[in-house]
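> Can you read through this structure? Questions will come right after.
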Amino acid sequence: MQITRSSLDTAKGPADWFTGDVYIDAVAAPAGSSTFAAANVHFTPGARTAWHTHPHGQTIYVTEGVGLCQREGGPAQAIHPGDRVFFEPGENHWHGAAPNRLMVHIAMHQNDDSGSPVAWGRHVTDEEYAAAPRTGG
Ligand code: MN
């Protein structure tokens, strides 16, 4: 058994991979034979990931606010607390906050053999983001 107290610094989401202000707290880290990792991620209004894929897929579970997510070739969709989204391995997608709302989700995924849970692509453009549905207040 290993207890990790609430002592780890919150990380700022790097500008290469995120648009807007995003804050990341580690929830679980790979250990031993497990490649499972999880993070609690706060997206400020308008903030979102770049387009990306996960080698083993990813589940996000929304805990606060109103968010948006989109897979390549599909429409952006609003997501709310209690919603769970699974992105298939290799499925190009993004997720983030609504323009006018904070969004918090727990992201869960597995690292690949190189130790990475994600392959990053280009940023979501303002035009792509503006095409997402309005989510109201
Ligand atoms: Mn993702």
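The values are calculated or read from the model by the stated rules, or taken from the named source; none is laboratory data. The shown structure was predicted, so the numbers you read here are calculated from the model rather than taken from an experiment. Methodologically, a virtual Cβ is constructed for each residue, glycine included, from the backbone with ideal geometry; neighbour enumeration extends over all protein chains shown. These accessible areas exclude ligands, DNA and RNA; they are computed on the full protein's heavy atoms, side chains included. Shrake-Rupley method; radii C 1.70, N 1.55, O 1.52, S 1.80 Å.
> Here's a check for you: in segment 12-41, which residue that is within 22 Å of P75 (Cα to Cα) and open to solvent by less than 50 Å² (accessible area, probe 1.4 Å) is farthest from the ligand (Cβ to nearest atom)?
To start, the set of residues in segment 12-41 that are within 22 Å of P75 (Cα to Cα) comprises 17-20.
Narrowing further to those that are open to solvent by less than 50 Å² (accessible area, probe 1.4 Å): 18-20.
Working: F18: 11, T19: 14, G20: 16 Å.
Step by step, filter segment 12-41, then rank; the result is G20.
Okay, residues lined up against (1) more than 18 Å from A119 (Cα to Cα); (2) without any contact (Cβ under 8 Å) to a residue 60 or more places away in the chain; (3) among the aromatic types (F, W, Y); (4) assigned to a loop (DSSP other than H, G, I, E, B):
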site	(1), (2), (3), (4)
A15	no, yes, no, yes
H56	no, no, no, yes
C69	no, yes, no, no
G74	yes, yes, no, yes
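> Got a sec? Which of T44, T53 is at pLDDT 95 or above and away from the ligand (no atom under 14 Å from the Cβ)?
Values: T53 fails: away from the ligand (no atom under 14 Å from the Cβ).
The conditions single out T44.
> If I ask for residues that are crowded, with 16+ Cβ neighbours inside 10 Å, among the β-branched types (V, I, T) and either part of a loop (DSSP other than H, G, I, E, B) or more than 11 Å from the ligand (Cβ to nearest atom) (or both), which ones from segment 76-134 would you list?
I79, V104, I106, V118, V124
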